[in-house]
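Colleague: Quick one: this structure, given as structure tokens, is what I'll be asking you about.
The values are calculated or read from the model by the stated rules, or taken from the named source; none is laboratory data. Quick caveat: nothing in here was measured; it's all calculated off a predicted structure. Every residue, glycine as well, gets a Cβ built from its backbone with ideal geometry; the counts of neighbours run over all protein chains shown. Protein only, heavy atoms only, side chains kept; ligands, DNA and RNA dropped before computing areas. Shrake-Rupley method; radii C 1.70, N 1.55, O 1.52, S 1.80 Å.
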Amino acid sequence: MERTLKELKPGEKAIIAKIDGDKGAVKRRLMDMGVTHGAEVLVRKVAPLGDPIEINIRGYELTIRKSEAELIILQ
């Protein structure tokens, strides 16, 4: 079963396998922000209601929506 970025808890690290989904604009925006295959991602914080999620990727902080985190498949 595939794990997604949404399932990680604060402090956990993982490697990105792919960005799923048919939403071309969302996928392109995530890739432009450095969310690409092989990048290591660390979950910094998750808001109390789960949205948004703050991550560290490629040396910078990035905040994404829970719906976007569901599209990021991990190894």
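Colleague: In the stretch 1-60, which residues are closer than 11 Å to Ile73 by Cβ, at pLDDT 90 or above and either surrounded by fewer than 13 Cβ atoms within 10 Å (Cβ to Cβ) or among the basic types (Lys, Arg) (or both)?
Modeller: Matches in the stretch 1-60: Arg3, Lys6, Ile15, Lys18, His37.
Colleague: Follow-up question, since we're still on this one. Inside the stretch 63-73, can you point out the residues that are under 17 Å from Glu12 (Cα atoms) and either surrounded by 18 or more Cβ atoms within 10 Å (Cβ to Cβ) or among the hydroxyl-bearing types (Ser, Thr, Tyr) (or both)?
Modeller: Thr63, Ile64, Ala69, Ile72
Colleague: Okay, next question. Please indicate, with yes or no, whether at least one residue in the stretch 23-37 is in contact with a helix residue (DSSP H, G or I) (Cβ under 7 Å, 6 or more places away or on another chain) and in a strand (DSSP E or B).
Modeller: Looking through the stretch 23-37, none of the residues is in contact with a helix residue (DSSP H, G or I) (Cβ under 7 Å, 6 or more places away or on another chain) and in a strand (DSSP E or B).
Colleague: Right, something else. May I ask you to list the residues in the stretch 1-13 that are in a strand (DSSP E or B) and more than 14 Å from Glu70 (Cα to Cα)?
Modeller: Matches in the stretch 1-13: Lys13 only.
Colleague: Here is a further query. Are there any pairs with C-beta distances below 9 angstrom linking a residue in the stretch 17-32 that is under 13 Å from Ile64 (Cβ atoms) and touching a residue at least 12 places away in the same chain (Cβ under 8 Å) to a residue that is among the β-branched types (Val, Ile, Thr) and assigned to a helix (DSSP H, G or I), with the two at least 6 apart or on different chains, and if so which?
Modeller: From residues that are under 13 Å from Ile64 (Cβ atoms) and touching a residue at least 12 places away in the same chain (Cβ under 8 Å), the pairs are Ile19/Val26.
Colleague: Still on this structure, please answer the following. Name the pairs: first residue in the stretch 54-68 and part of a strand (DSSP E or B), second residue of a type in the set (Val, Ile, Thr) and open to solvent by less than 70 Å² (accessible area, probe 1.4 Å), Cβ to Cβ under 6 Å, at least 6 apart or on different chains?
Modeller: Ile55/Val41; Ile55/Val43; Ile57/Val41; Leu62/Ile55; Ile64/Ile53
Colleague: Determine, yes or no, whether Lys45 is part of a helix (DSSP H, G or I) and either aromatic (Phe, Trp, Tyr) or touching a residue at least 24 places away in the same chain (Cβ under 8 Å) (or both).
Modeller: So Lys45 does not fit the description; no.
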